[in-house]
Every structure is written in C-alpha cells, then in structure tokens.
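Beneath this line is the structure, given in structure tokens, with notes to follow.
The values are calculated or read from the model by the stated rules, or taken from the named source; none is laboratory data. Predicted model only: the values in this text are computed from it and were never measured. When we count neighbours, we look across all protein chains shown, and the Cβ atoms used for this are built from the backbone with ideal geometry, even at glycine. Heads up: the accessible areas ignore ligands, DNA and RNA and are worked out on the full protein's heavy atoms, side chains in. Shrake-Rupley method; radii C 1.70, N 1.55, O 1.52, S 1.80 Å.
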Amino acid sequence: MKDDKPVGASRRSFIASALAGGASLATAAGTRRAHAADDPLITETQDWNRYLGDGVDAAPYGMPSGFEADVVRRDVAWLTADPVSSVNFTPLYALDGIITPNGLCFERHHAGVALIDPADHRLMIHGLVDTPLVFTLADLKRFPRENRVYFLECAANSGMEWRGAQLNGCQFTHGMLHCVMYTGVPLRTLLDEAGVKTSGKWLLAEGADASAMTRSIPIEKAMDDCLVAFAMNGEALRAEQGYPIRLCVPGWEGNMWVKWLRRLEVGDQPWAQREETSKYTDLLENGIARRHTFQMDVKSVITSPSPQAPVAHGSGPLVITGLAWTGGGTIKRVDVSIDGGRNWRTARLDGPSLPKALHRFYLDIDWDGSELLLQSRAIDDAGYIQPTKDELRAARGVNSIYHNNGIQTWQVRQDGVVENVEVS
Ligand code: MTE
Ligand code: CO
C-alpha cells in the first residue's frame, strides 16, 4: 500500500486550478471555452428546436433513446450450440449505479423462455410438510410482501477466463450478472403456512419451463432470506426472468434462482440424482470436486474504462468506475490500481451499500496519457479479499469453470483503446 492518499484532494485542486485559468491543466477547459463562441450547435437553431416532437402516446411503454441502441444484451456465438439452451450478457460497460434495467438483465435458459399466462400458473408446496398447499399468483399477492435489492451471478460467470485472458469486454467476462430490486413474499412465510416437519432438511425447487429445472436448497437458507418474487424494479417480472414468479436465493449461485417456479418439495436430503450432477461442481487439480459451493465469493470488475468503453477524450480527468459484490454480505472497501497491482488506492463507494447487492465504486484520476494497467480488488465485511487470478489457480487449478472471482486487468493504451490482459 504505497500510494494511499485520497484522490479527492488532487481532483479538487485540479478543478480549482482550471477555474483560475492557471497552470498546466487549463488547456482542456480553455479549449472548450473557445469553441463555445462559434459552435453551430449553440449559435444555430437545431431540428429539435424547430419541430414539434412526438406526443405523449407515441410510446405507451417507453424505450431508451435511439442513440443508446448499442446498449444491448449480447451473446457469444461459439459458446453454446443453440440459442435455446444458452446465455447472453449484461452490457455492464454502459451502465452506472447499481440497478440493472429490466431489459438488460442477462438471460440464462436451459430450455428457452417459458410463456405462462399468470392465471394458469400454480405453485405447489409438498413433501415433508403438515399441509401440502397450492398457490395462485393472486394468492401469493395476499401475503405481506418485501422489497429487496440483490445481485444474481451465474456460477459460470468469468468461466472462460480461467486459463487466460480471452473475451474482450466486461460484458462477456463478467456480464452473467445483474442487480434488481425484487418484490415478493419471503419463502419462510409460505413454508410456515405449509408447516415444515422437523425431518425436512432440504428443499427441491422446480421450474415450469421445458427443462423442468430443479435445484436443491438447504432448509436453513430457504428459511433465512429467500424470496418468491413476482416483481423486478417495480414492474412484473420479465418473461426472460421467470414471469410470473421466480425464486431469489440471495448471495448464492444463479442456477438456484429457479425461474417460472412451480414446485417446492421438502425432503430430508438433497436430490442430487435428479440434478445435473456433473454440473455446478468445481473440479480441482487432484481430481477431487468441490460440491455445494453455493455462496458467490467476493468479486469486482472495472466497467469503464474497459474494452467496450475505451477512453475517447485523451489525457486529463478520467473517471474509473466499476462494480463490487459478495455473497457474504456487503463490500467494505474497493482498491484500484492503475499499474497492474503494484500500488493501490482506495476507491470511493457511492450509492447504497446493501447486503448481497452490487456496490458501485469510483476512482477519479488525472490521467497523464501513459499506458495503464487497471485492476480492482474488493474486500467484504467478513474480511475476504478478492484473490489474483494466479492465487486462484494455485488453489483450484484450471479445470474449473465455476466460481472464478480473480482480479481482472484492463490495459489502457495511450490511444485510449482498452484490452483484456493478464499480469503476473
Ligand atoms: N430456472 C429455470 N426454470 N430454468 C433455467 O434454465 N437457469 C438458471 C437460473 N434459473 C434457469 C433457471 C441459471 S443457470 C441462472 S444463472 C439464472 O437462472 C439466470 O437468471 P436470469 O436468466 O434471470 O439472468
Ligand atoms: Co447459471
């Protein structure tokens, strides 16, 4: 920790000197002032000043500005054989704050999107319970509900990067991630309604899609903070995200967040044989597999600058920003390095710091235009420190796909172009 000084101070003094019109950095501001005088965008009437715009009914459901048409989910064509059992990625590089807009939440389906009329949907609770129950969506909406912000990360996020830098953009390296405010009924409330028998130790959650995906969840987790959600970011769930209801399993692997949730069976052991047993385990170098690695580890990534968000403006003030998260709780601190991990500065966390949600960080620097090796390192409130990729490989080998939470490096070249690289 050689360079620990708060960067706010240097930024403030930069602004002060720019305002005073003095010293080295005044050029950027001065150029902007000179242009204002003969800038046709200011001196001439533009189309949008001249013509009336669309009326209020042009878009009953609003869409982003057409100038943002590039900000979309994307897939990687060679990653999966067909689009039905596939994944696309959240455009993290273009987003700010901590909430993912509904239309940009990455999708992971094993058998495509189930289209279900909510009137035809049922949720059954059975197995080791006193009273088996069936709920309609209308039934669920009569229970006391809660609003909670959670990240969801697929266990395979960053899985392509185990053996080395591969995909050129945080959308692809880290974009199996979203963070949404869910509205729903605590799972505990529904299980209490059915009355879980003392022999009930595991819960099997099943989706109504064509894959009838099932996942086993320990009853302690089910009774702790799981939610049966029917709304995301204030509106009904999107079909892609499990409309009309999905299970939220906060801080744990995305695959457990069963979409189109139709059945919960209480049992006395996990239903491993019915699940894809080869999946969701981490194969170590010695041939032994880690199983039930449910919780997502502390992790972070710089979202801008990044390969899809190059530096377009040359040297001078540069906002470095990114996301940090942990399945264990909240993020206590994020450090950012501009020299490949030799020196670290404490980034500024801004916005709410909510447990099992994304955290937004910023480091505002004065870029001298030389090459940068950007890294971020998150530390959570349990004291876990995000490892380097080499540390992770030393512990886990390279047979894994899942749970890669290693430190990401972006190389910012002098021309502002950004590449996915590794340093050791
Ligand atoms: N639930 C059902 N019913 N079917 C699925 O294919 N995919 C799982 C999980 N829940 C899946 C599912 C996986 S692997 C992940 S990572 C998350 O949903 C993805 O959630 P999202 O599509 O809302 O991003
Ligand atoms: Co997944």
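Remark: the chain carries 47 Å² of accessible area per residue (probe radius 1.4 Å; ligands, DNA and RNA excluded).
What the phi angles of segment 247-262 give under the Karplus curve with 6.51, -1.76 and 1.60, with θ = phi - 60°, is a coupling list of 8, 9, 10, x, x, 9, 2, x, 5, 7, 7, 4, 8, 6, 4, 10 Hz, glycine and proline written as x.
Relative to the dominant Cα principal axis of the chain, helix 26-37 is inclined by about 80°. The mean sequence separation of alpha-carbon pairs under 8 Å and at least six residues apart, normalised by the residue count of segment 123-218, gives a relative contact order of 31 percent.
Summed over qualifying helices (DSSP H, 4 residues or more, each -39500 (n - 2.57)) and divided by its residue number, the chain shows a 222 nm mean residue ellipticity of -4000 deg cm²/dmol. Site pair residue 223 and residue 56 shows an inter-label distance of 5.2 nm when each label is modelled 7 Å from Cα along Cα→Cβ. Charged side chains reduced to their Cβ positions (Lys and Arg at +1, Asp and Glu at -1) give the chain a dipole of some 880 debye around its Cα centre.
Given their separation in residues at 0.36 nm each and the Cα-Cα distance between them, residue 136 and residue 415 gain 94.7 nm when the chain is fully extended.
Within the chain, what's the longest run with no trypsin sites (Lys or Arg not before Pro) in a DSSP loop and at most 13 other beta-carbon atoms within 10 Å? Give the range, please. That would be 3-121. Here the Karplus curve 6.51 cos²θ - 1.76 cosθ + 1.60, taken at θ = phi - 60°, turns the phi angles of segment 218-233 into couplings of x, 4, 4, 5, 4, 7, 7, 10, 6, 9, 9, 9, 10, 9, 9, 6 Hz, with x standing for Gly and Pro. Amide H to amide H distances under 5 Å link residue 246 with 229, 261, where only residues 5 or more positions off or on other chains count and H is placed in the peptide plane.
For segment 102-290, the relative contact order comes to 27 percent (Cα pairs under 8 Å, sequence separation of at least 6).
Once the Cα atoms are used to define both axes, helix 7-19 deviates from the longest principal axis of the chain by about 40 degrees.
Legend: residue pairs 197/356; 259/299; 141/299; 141/221, Cα-Cα distance threshold 32 Å; pairs beyond threshold, 141/299. Within a straight-line Cα-Cα reach of under 20 Å, residue 201 can be paired with the following aspartates and glutamates, leaving aside sequence neighbours fewer than 8 residues apart in one chain: 130, 192, 193, 220, 224, 225, 253, 265, 268, 275.
Only Cα pairs under 8 Å and 6+ residues apart enter the sum, and on that basis the relative contact order of the chain stands at 17 percent.
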